[in-house]
Structures are given as structure tokens and as C-alpha cells.
Amino acid sequence: MSTVDKNNYNSRVTPYVFACWILAAFGGLMFGYDIGISGGVTGMDEFLIKFFPKVHERKMHAAENNYCKYDDDMLQLFTSSLYIAALVASFFASKACSLLGRRPTILMASTFFIAGAIFCGAADAKWMLIFGRILFGIGVGFGNEAVPLFLSEIAPINHRGAVNILFQLLVTIGILVANLINYGTSMMKEHGWRVSLGLAAVPGVILFIGSLIITETPPSLVERGKEMEGRAALQRIRGVDNVDAEFQQIVTGCEQAKQVKQPFKKLFKKSGFPALFIATIIQVFQQFTGINAIMFYAPVLFQTLGFKKEEVASPSFRPDVYFPGRNWSNLGNPPEGDRVIGQGLGSSGGGSSLHIRDVICMSWGQWDGSFRSGNRFHETKRFCIQ
């Protein structure tokens with residue numbers, strides 16, 4: 001393989017470092033699978049009959065507003081417990097990354113995730129189901145903290161943007177895979193929901209094995225006082241012996257970081273506030289689009305709109321044109337960080353996603369002659385435009 005010399009940093013993209021990128025990025029697939037799987041499971045009659053029979057009864061016979069049929073605190077807790085646990089776990093994961101390293105934190109994430117899949121797949125009571133989701137959430141919290149950090153620190157400087165976006169790419173692939181699995185398991189008569197939840201162990205196992213193969217990142221080793229091991233790790237992931245320039249920058253950066261007192265306070269100073277504000281407001285607007293709620297509850301939303309059970313499994317992943325649209329937007333993070341290219345591709349990705357969803361929404365009207373005459377078409381279009 002050819003040697004890249006950029007800014008005096010020598011590196012080669014070796015098979016080992018490429019494997020590290022892919023294996024670590026499976027942390028994103030874990031998260032994406034969790035996002036996509038819960039909505040499909042809560043739309044399965046067998047799941048509702050076993051754990052939420054009152055919801056199923058209202059779903060089948062009640063004449064009140066469709067949205068009230070799924071108004072159940074425990075059912076909502078089934079979905080939300082993962083994200084609450086992930087939020088709390090992320091604070092502990094941050095400390096684990098600093099004190100133990102990125103690799104052990106990823107290992108812990110996969111372990112929690114596998115345990116969550118076992119509890120959820122084997123659940124016979126609500127407490128097992130909720131506890132399993134909490135374990136999922138802890139795994140997601142640890143994984144979402146460690147994996148992007150790992151990918152950024154292990155990537156060569158001229159490939160950092162592309163490598164870091166692998167996490168986001170695997171998230172969207174995980175969403176698509178989860179919906180495809182829900183489509184298949186919805187055809188099973190009794191234990192489809194167990195298969196959907198239990199298969200979450202697969203990306204967890206891959207990440208667990210990967211965490212035993214990948215190396216610790218050089219910055220993590222250096223900041224914990226292991227400079228010799230840090231240099232050796234850098235030589236291994238760069239595929240060259242001469243890493244003096246880059247290693248010196250890592251050492252200097254770690255020394256400067258240790259000298260910073262009260263880093264969170266500095267974020268709110270005038271010099272750091274613009275970056276903090278932009279980083280925060282982007283995420284706020286992304287949430288305000290409502291796309292996350294649609295991903296979580298897509299099958300339930302479609303059932304409340306009047307889709308039949310056999311229809312729900314299929315359209316539940318078809319509006320996830322968010323998947324290609326989002327990944328087209330991901331191309332807006334080119335290796336060289338060209339802002340013009342990034343803005344152009346990002347805007348075109350968002351725009352294409354919007355228009356394709358509208359086209360798909362229109363196509364649904366061809367499935368059912370009564371679709372356009374009622375509210376189903378207009379409500380579904382509104383969901384898609386989100």
C-alpha cells in the first residue's frame with residue numbers, strides 16, 4: 001500500500017487499522033438496531049397480548065382516538081427506559097474513557113448490550129423486559145461515548161472525517177436492518193418479538209470480539225502516562241516506524257489538556273461560546289424535525305393511521321428513506337473538510353430526503369383506494385415531511 005505524507009505525518013491504511021475502524025463502528029450498528037427494533041416490537045400483537053393486554057384490547061376494539069389506544073405508561077417506559085439509561089450511563093462512560101481507556105469502555109458497552117439482549121429475548125415478565133432495555137441503554141451510553149472518540153483518535157489526519165462518519169453510517173444501517181428483521185419476524189405467529197429483541201446480541205457479540213482485537217488509542221495511552229505503549233500503538237496503526245512528528249503532537253496535546261482547569265467553565269466564555277452554541281443548536285433542530293419519534297414509533301403510527309397488520313411491517317421501513325438521505329448527507333464530511341463541498345452535499349442530502357419521502361407517501365395512495373379519501377394520506381404525508 002502507498003505511503004501518505006501529509007503535514008509530515010507518515011501513515012498507511014493497513015488491513016489491521018481498517019479492521020479496527022469497521023469493528024469499532026459496530027457500536028453504531030448496536031445503537032441503530034435499538035432505534036429501529038422497539039417500534040416494530042410494540043406493534044406486534046403477540047408482544048402486546050403477553051405484556052400489555054389492555055393496550056391490545058383497546059387496539060382491537062376501542063372506538064376512542066387512535067392515539068389513546070397506546071396510552072400506557074409501562075409501554076412508553078419500554079421504549080424510553082433505554083434512552084434514559086443511555087443518558088445517565090454516558091456520564092460514567094466519560095470517566096471510564098479517561099481512566100480506563102477507549103478499548104475497555106467499548107468492551108463494557110458490548111457486554112451490557114449482550115446482557116440486555118438476553119434479558120429482553122427471554123423475558124416472561126415486564127420487569128425483565130424493562131431491565132433488559134436498561135442494560136441496552138447502558139451499552140448504548142458507553143458505546144456512543146467511546147466509539148466516535150476511538151475512531152477519531154485512530155484515524156489518520158487526512159481520513160479523520162471519513163472514518164469518524166462510519167459510526168453514523170452504521171447507525172443508519174442498523175435502523176434499516178432492524179426494520180427488515182421486524183418485517184420478517186412479524187410473520188411469525190408466537191415468538192417473533194423474542195427473535196427481534198434477541199438478535200440485538202449479534203452486533204453486541206461482534207463488537208465484543210472486536211474490542212479484543214482492536215488496539216488502544218495512542219492519545220488514551222499517553223494521557224494515562226504510558227508513552228512507550230502509546231508510541232508502539234501509533235506505529236502499529238500507522239503501519240510505519242517513523243511517527244515522531246505525530247507522536248510529539250499527541251504528547252504536547254495531552255500535556256496542554258492537563259493544564260486546563262475548569263474546562264466546562266471555559267466553554268461558556270466568549271471565545272468558546274459560538275462553537276458550543278452551534279454544536280448544541282444543530283442537535284436541537286435535528287430533534288425538532290421529529291424524525292427520531294417517527295423512527296421509534298413508525299409501526300405504531302401507521303397502525304393508528306389505519307394500516308392493516310400485514311401492511312405495517314412493510315411501510316415501517318420504507319419511509320426510512322431517511323437512511324439513504326442521511327448517508328448522502330454524510331458525504332458532506334469529506335476527508336479534506338472542504339466546507340463548500342460539505343454544505344452542498346449536506347443540503348442536497350436533506351432536500352433529496354424530503355422529496356423522496358413525499359414521492360413514497362404519494363405511492364402509498366396506490367395501495368388502497370380508500371387511502372386518499374380519508375385522513376390516512378394527509379397524516380402520513382405530514383409524518384414523511386418531518
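For region 176-184, the criterion of a residue being open to solvent by 30 Å² or more (accessible area, probe 1.4 Å) and among the small types (G, A, S) is satisfied by at least one position.
Taking residues in region 76-98 that are touching a residue at least 60 places away in the same chain (Cβ under 8 Å), and partners anywhere that are open to solvent by 50 Å² or more (accessible area, probe 1.4 Å) and of a type in the set (D, E, K, R), the pairs with Cβ atoms closer than 9 Å and at least 6 places apart or on different chains are C97/E145; S98/E223; S98/R224. Cβ-Cβ distances below 6 Å connect the following pairs, each with a first residue in region 159-188 that is in contact (Cβ under 8 Å) with a residue 12 or more places away in the chain, a second residue that is charged (D, E, K, R), and a separation of six or more residues or different chains: T172/R326.
How about region 95-113: which of its residues are farther than 13 Å from A24 by Cβ, open to solvent by 50 Å² or more (accessible area, probe 1.4 Å) and either in contact with a Cys (Cβ under 9 Å, 6 or more places away or on another chain) or part of a helix (DSSP H, G or I) (or both)? Those that are farther than 13 Å from A24 by Cβ, open to solvent by 50 Å² or more (accessible area, probe 1.4 Å) and either in contact with a Cys (Cβ under 9 Å, 6 or more places away or on another chain) or part of a helix (DSSP H, G or I) (or both): K95, S98, L99, M108, T111, F112. Residues in region 33-46 that are surrounded by fewer than 24 Cβ atoms within 10 Å (Cβ to Cβ) and not β-branched (V, I, T) were compared, and the one that is nearest to R160 (Cα to Cα) is M44. Residues that are hydrophobic (A, V, I, L, M, F, W, C), within 30 Å of P15 (Cα to Cα) and open to solvent by 30 Å² or more (accessible area, probe 1.4 Å) within region 227-266 comprise M228, A232, A245, listed in sequence order. Among the candidates G141, G161, G137, the residue that is in contact with a Leu (Cβ under 6 Å, 6 or more places away or on another chain) and of a type in the set (G, A, S) is uniquely G137. Tell me yes or no: at least one residue of region 195-207 is outside any helix (DSSP H, G or I) and under 26 Å from L99 (Cα atoms). For region 195-207, residues outside any helix (DSSP H, G or I) and under 26 Å from L99 (Cα atoms): absent.
Would it be correct to say that V222 is open to solvent by 20 Å² or more (accessible area, probe 1.4 Å) and either at pLDDT 90 or above or not in a helix (DSSP H, G or I) (or both)? Lay out the reasoning, then the answer.
Numbers: open to solvent by 20 Å² or more (accessible area, probe 1.4 Å): no; either at pLDDT 90 or above or not in a helix (DSSP H, G or I) (or both): yes.
Spelling it out, it is not the case that V222 is open to solvent by 20 Å² or more (accessible area, probe 1.4 Å) and either at pLDDT 90 or above or not in a helix (DSSP H, G or I) (or both).
Considering the conditions (1) in contact with a Gly (Cβ under 7 Å, 6 or more places away or on another chain); (2) open to solvent by 10 Å² or more (accessible area, probe 1.4 Å); (3) closer than 30 Å to A233 by Cβ, V171 is excluded by exactly one of them, (2).
On the stretch given as region 118-140, residues that are over 17 Å from G39 (Cα atoms), more than 15 Å from the chain's Cα centre (by Cα) and open to solvent by less than 10 Å² (accessible area, probe 1.4 Å) total 1. If I filter region 1-32 down to residues being surrounded by fewer than 22 Cβ atoms within 10 Å (Cβ to Cβ) and in a strand (DSSP E or B), which single residue comes out as modelled with the lowest pLDDT? Filtering region 1-32 for residues that are surrounded by fewer than 22 Cβ atoms within 10 Å (Cβ to Cβ) and in a strand (DSSP E or B), the one modelled with the lowest pLDDT comes out as V4.
Scanning region 33-52 for residues that are in a helix (DSSP H, G or I) and either over 24 Å from the mean Cα position of the chain (by Cα) or not small (G, A, S) (or both) yields a total of 13.
The values are calculated or read from the model by the stated rules, or taken from the named source; none is laboratory data. These numbers were taken from a predicted model, which means no experiment stands behind them. Positions of Cβ are generated from backbone atoms using ideal geometry, with glycine treated the same way; all protein chains shown enter the neighbour counts. For the accessible areas, the whole protein counts, side chains as well, though only heavy atoms, and no ligand, DNA or RNA atoms are used. Shrake-Rupley method; radii C 1.70, N 1.55, O 1.52, S 1.80 Å.
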